[in-house]
Structures are given as structure tokens and as C-alpha cells.
Amino acid sequence: MIDTEEQLEERLSQPTPQDEAAMRDVTGDLLILGVSGKMGPSLAVRAVRAARAAGVPKRIIGVARFSDATQHALEQHGIETCRADLLDDQQIARLPDAANVIFMAGRKFGSSGAESLTWAINTCVPSRVAERYRQSRIVVFSSGNVYPLVPVVSGGARETTPPAPVGEYAQSVLGRERVFEYFSSRYQTPICVLRLNYAIDLRYGVLLDIGTQVFEGRPVDVRMGAVNVIWQGDANSVALRALALCQAPPLLLNLTGPETLSVRAVAGRFGELFGKGPILEGMEADTALLNNAARCHSLFGYPNVTAGQMIEWTAHWIASGGRRLDKPTHFQTRDGSF
């Protein structure tokens, strides 16, 4: 089990042999844009550790506005940091060159009522970045929200499923993809787009949301009756390894775990681990927001951490009073309002 944040950070950032090979085989430095988000810090540390283990000199540079202590923590791990507002052309122009870019900047929660800001961050920033780094490889984090709700029995949307985003956040995410696609076509910039649903860190995520509701005796909404999840460390590993697969036009990859998890069953498992029955609310719809990541698994193999492990780790974290980021995923949302 994972008992402390130090142990959690160690686990999230521990590189695999495949990560080390990725850092060795892809030439040039790595720039991570939006590094101060939920996934960015552990990705940056994983990249540093992988490069060191591979014995290759490589600058790992993290860019964000850095409104908290994240900047100092990253620098302690050997990551160079740049404080920048990515909506400012002059600040983007001053960023260092890098042969490899991972784009993680984006806005989701708080979009309702501030739609114009969400669109600016999710579409204008990609335009500036794609122009500035048109000679780099770019891995772009996107979201499975670009897909429509699909039948639960379908196994999830595939990369060939036509996008049909529900709500302005999801529409702006598709806009992000289209902007990068345009610049890839214009400049032949090699790009890989990762459509992610949902990354799990014990301090936040779908499993924490469900487990906390069960632990506290609050109802679990099962109307969005199925979800996909992936351990955040496994998702970040794919991001590093995807640099070698960037192409023009962009390669699309769904990024998630192999299982379609029943929310009802997950709540039941938490109930077993906590010794209390879950309170369920609503009835499952026939459709859900689901990704089929078979293509990704064929390229990179299955995730190292299973859904069962994640549930047990999360239950232990909740029961032992582990810190939470208090950032609900709102995975139950079916109308696209975030």
C-alpha cells in the first residue's frame, strides 16, 4: 500500500525501462507546457529520472504560471522552470527552443459561465504554441470528451469514432485538436494526440470520488454507469514514449485502461473494503463516456497498474486520511457542463 505523499510521488514518477529507452532514443531537450497541473509535476520528474537512468544529457523544462510552490519542488528535482502566461505572444516567443514538446495546458472546470476564457485557453494557446514549435515533435494531451456518449456494451469509442462533443468544454477540446491538426498540415509538424479518460492519482480522480462517497455514506450517482481509468504514472509513461510516434498528419491515440468499469460494481468493491454498503442513486443509462484504448495497448502494452490495485490503494488512502486535492472530476456529468 501507499501511505504517504512521498511514497505516492515516488511511485508516480518511477520510470520504466521503456521510459528510459524513450529518453535515450528521442534526441533533443523536452519542454512541458502546463507543467503545474495535476499530471505535469510527476511527468516532469519521471522524464528527468528516465533521462538520468538512460545516461543521456537532456534538459527537461517545465512551463507554467506557477501560482504555488510547484516551481521550487520541480527545480529541486533538476527540472528547469520558466514562468509564462501562454496567452501572451511575447512570453511564448521568449521560451527556450526544444526538439520535443508535451502540451498539457488547458481549462475544464469553471468553464460554465466563463466559456470565452475556456475557448481562449483551449484553442488560442494551441495556435501560438503550434506556430512557435512548428519544428518540434509535439505530444498533445486531449480528452475523450471529444467523443459522443456511446453504448456501454460497445467497448468504448475508438479513434475512428466521429467526434461529437457535448458541451462547450468538450467542443473547445476538439478545437484544440483541430488547431494542432491545421498547423501539422501547414508545417508538417509531427504530432501525437492523446485522448485521455481518466487519470488516477490517489489525491484525486474518479476512484477517489466514488470511494469517498461510499466511505462518508453519501449517495453515489450511477446514471453515468461506466467509466475508464488509468494510473497517472502509466498515462505519463505513454506520453514520453509517444514522442517517437509523432507524425503528420497527427496520430490519434485513446489513452485509458483496458476495462469498462461499472460504477455500481466499483462502489460495491469500496463497500467491501470499508465494511459498509454503498448508497446508490439513480439508474444506469445505456450510454456513457467511454474510450477504447486497444490501439494504444497494441503499441505500448497494458498499463502496469490494474484497476483492482487502484481501487485497493485508493480505499487505503481514504481510510488512512490521505490528503485530497478537493478537485472532483464531475465524471457523472452527462450534459457537458463543467
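Miscellaneous remarks
- Test: Ile32 is closer than 30 Å to Ser320 by Cβ, open to solvent by less than 10 Å² (accessible area, probe 1.4 Å), of a type in the set (Val, Ile, Thr) and in contact with a Gly (Cβ under 7 Å, 6 or more places away or on another chain): no
- Wholly within the range 37-121, strands (runs of 3 or more DSSP E) carrying at least 2 residues that are touching a residue at least 40 places away in the same chain (Cβ under 8 Å) and either of a type outside the set (S, T, N, Q) or within 25 Å of Leu243 (Cα to Cα) (or both): 100-103
- Check on Ile61, at pLDDT 95 or above and touching a Cys at 6+ places or on another chain (Cβ under 7 Å): yes
- For the range 220-276, taking the residues that are free of Cβ contacts under 8 Å to residues at least 60 places away in the same chain and not in a helix (DSSP H, G or I), the one that is farthest from Leu207 (Cα to Cα) is identified as Gln247.
- Taking the conditions (1) farther than 22 Å from Thr27 by Cβ; (2) crowded, with 18+ Cβ neighbours inside 10 Å in turn, Leu194 satisfies each one other than (1).
- Flag for Arg334 being among the charged types (D, E, K, R) and buried (at least 18 other Cβ atoms within 10 Å of the Cβ): no
- Those residues of the range 139-155 which are in contact with a Gly (Cβ under 9 Å, 6 or more places away or on another chain) and assigned to a helix (DSSP H, G or I), in sequence order: Gly144, Asn145, Val152
- Selection within the range 265-317 - in contact with a Pro (Cβ under 8 Å, 6 or more places away or on another chain) and among the β-branched types (Val, Ile, Thr): Ile279, Thr287
The values are calculated or read from the model by the stated rules, or taken from the named source; none is laboratory data. Quick caveat, the model's predicted, so the values are computed rather than measured. Please note: Cβ atoms are built from the backbone with ideal geometry, for glycine as well, and neighbour counts cover all protein chains shown. Just the protein is used for accessible areas: all its heavy atoms, side chains included, with ligands, DNA and RNA removed. Shrake-Rupley method; radii C 1.70, N 1.55, O 1.52, S 1.80 Å.
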